[in-house]
Amino acid sequence: PLCSGTLLLPLLLLVRRFWGVRGAGAGGAKVAKKTDGGRAAINLASRVLGEGQGHSQVGISREALHELLFDSVEDIDGIISRNNGTSWDSLLPGRGWEDLEALFMTWESPAVVWHSGLPAPLKDELELAVSAACRRRCAESAGGEACCQPEARCRRVYKVLSDLYTKSNNAYFNAYQRFARHYEKVQDSAWPFAQNTLLLHVFGGMRIVEDAMRVLVFVWSRYPANPTLRRCLASRWGNELKSSHLKMLDMWRELRRKQDFVLWEVIATSRWNSHRWAQLGMQNDAFKELWQTGSNILIAFSRSLHFLDRWSAQNGWDQVLRPAPEFESEDARELGEYPGLILARHIFTDV
């Protein structure tokens with residue numbers, strides 16, 4: 001149904017409205033060969049994920065966000081932020097509505113688009129914009145032209161991830177220590193009416209893990225819009241990173257399910273689990289599981305970083321940054337009923 005003409009027409013009308021697609025022969029300014037350095041994306045990400053935000057236990061600095069997003073092509077020449085719509089017929093001259101429709105229908109995923117789905121005129125415009133962004137970034141960092149080369153870029157991405165782990169792990173350890181000290185006081189006092197205060201410590205610890213996971217997911221969401229970051233994520237190095245992050249996501253799902261059980265019990269019975277309320281040790285078992293699962297996620301994060309560090313040192317960055325095996329397709333006609341991605345998706349959602 002997603003490929004039907006009924007649904008595709010509204011899609012193209014939206015493209016016409018926001019991206020200024022005009023009929024063949026119409027004029028329109030080409031995309032300027034510059035980018036705003038991802039300013040709009042940095043501002044939004046800073047409000048949601050940034051340091052010092054009241055809703056974030058573990059934030060990411062604005063400089064780290066700038067490092068991740070400086071080459072963004074999502075808002076070239078204010079296409080979105082200033083509503084400066086561009087003309088597809090100027091980017092892809094000679095293509096009418098039917099050609100554009102056929103092109104968009106081949107854009108199955110960002111990997112498909114960047115791997116083989118970018119027509120030359122559009123690809124050239126994006127490369128010019130990214131080159132301009134790289135020149136500015138390299139001048140800022142005093143790294144010369146090499147600062148946008150894959151090894152230099154991926155080393156800095158690794159540093160951002162490593163700093164995120166260190167900050168998350170330290171915050172998680174401190175949160176658990178506060179919980180443990182408070183638990184001992186409640187236990188020593190033999191006063192069950194103080195049990196409720198333990199929940200707030202647990203909320204704080206679980207939010208630290210959640211914030212870290214959201215930053216990792218955010219990094220992967222940048223694959224379509226940040227070409228030099230995409231080179232890191234699309235490499236063998238990025239493939240190992242993806243595998244580790246998917247395992248962490250499995251554990252995070254388990255953590256959230258355990259939290260749901262606790263929260264249901266709180267609302268239903270004002271306890272943490274289905275044991276007698278006054279038996280503090282048994283009530284605390286539910287919290288122990290949460291803390292341990294959260295710790296497992298951070299341990300997996302640490303192991304993935306240590307592995308990447310050793311692997312790149314032993315084999316050299318030129319080897320680990322070679323392109324990963326070609327992206328996995330979801331086309332059942334070519335790969336059978338359950339190609340790799342479809343099978344993995346079903347396993348994740350059905351468990």
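Derivation of every value follows stated rules applied to the coordinates shown; laboratory data play no part. Note that the structure is a prediction, hence the values are computed from the model and not measured. All Cβ positions, even for glycine, are placed from backbone atoms using ideal geometry, and neighbour counts span all protein chains on display.
Tabulated data
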quantity: Given charges at Cβ of Lys, Arg, Asp, Glu: segment 223-317 dipole, positive-most of Ser302, Phe287, Val266; calculated: Ser302
quantity: Cα gyration tensor shape of segment 108-162, rounded if a/c is under 1.5, else prolate or oblate by comparing a/b with b/c; calculated: oblate
quantity: For segment 209-257, Kirkwood radius (reciprocal of mean inverse C-alpha pair distance, Å); calculated: 11.4 Å
quantity: 3J(HN,Hα) from dihedral phi, segment 237-250, Karplus parametrisation 6.51/-1.76/1.60, rounded to Hz, x for glycine, proline; calculated: 4, x, 5, 5, 4, 4, 4, 5, 5, 5, 5, 4, 5, 4
quantity: Nonlocal amide H pairs with Ile60, under 5 Å, H built at 1.01 Å; calculated: Gly50, Glu51
quantity: Two-site label geometry, Asn170 and Asp124: point separation in nm, points 7 Å out along Cα→Cβ; calculated: 5.0 nm
quantity: Members of Lys167/Lys288; Lys247/Lys288; Lys185/Lys242; Lys159/Lys247 lying beyond 31 Å, as alpha-carbon distances in this model show; calculated: Lys185/Lys242
quantity: Karplus (6.51, -1.76, 1.60) ³J(HN,Hα), θ = phi - 60°, over segment 111-119, in Hz, Gly and Pro reported as x; calculated: 4, 5, 4, 6, 6, 8, x, 9, x
quantity: P(r) of segment 144-185 over all Cα-Cα pairs, binned every 5 Å from zero, in whole percent; calculated: 5, 21, 14, 13, 11, 9, 9, 6, 5, 4, 3, 1
quantity: Built amide H within the under 5 Å cut-off of Gly38, gap 5+; calculated: Ser72
quantity: Rel. contact order, % - alpha carbon contacts under 8 angstrom, at least six apart, segment 184-290; calculated: 21 percent
quantity: Cα-Cα P(r), segment 90-248, percent of pairs per 5 Å interval; calculated: 1, 7, 12, 14, 12, 11, 10, 8, 7, 5, 4, 4, 2, 1, 1, 0
quantity: Span per principal axis, largest first, for the Cα atoms of segment 208-333 (Å); calculated: 60, 38, 27
quantity: For segment 116-209: span of alpha carbons on each principal axis (Å, largest first); calculated: 72, 32, 19
